[in-house]
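Report on the following structure.
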Amino acid sequence: MKKYSVIAPLISIILLVIFMWNCDSYRKHLDLGKWYHNKGFLDEAVPEFNTVAKLKSDSRRAHHLLAITFTNRGWHDYAIKEVVTAFRSHPCDDYYKLIQKL
């Protein structure tokens, strides 16, 4: 019985560390993607924003930034998909205007 009393807290700590690492990781990818985008490295920004969208599926910011990046690359079909995803999670004028532009 004592064996399990040691394992349960250890598992909780491991899960907490994994959770906190993922939270921190998504922010790092978001910041790196923004940096790439601002410097004009659009091809490098896309995988960073995609990683954010995968790590945090409700990240409307990642989908919005992907839509802007795809628009800047001239990839309008991809941009529409991303801005619609962002709009569905959080309807707002900015997303609606971007949808109309595309």
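See the values below:
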read-out	value
Residue, farthest from S89 (Cα to Cα), within segment 26-63, restricted to residues that are small (G, A, S) and under 10 Å from the mean Cα position of the chain (by Cα)	G33
Those helices (runs of 4 or more DSSP H) lying entirely in segment 38-102 with at least 2 residues in contact (Cβ under 8 Å) with a residue 12 or more places away in the chain and closer than 17 Å to S25 by Cα	42-55, 60-73
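Just so you know, all these numbers are worked out from the coordinates, no wet-lab data involved. It should be emphasised that the depicted structure is a prediction, and the values quoted were computed from it without experimental measurement. Cβ sites come from the backbone with ideal geometry, for glycine too, and all protein chains shown count toward neighbours.
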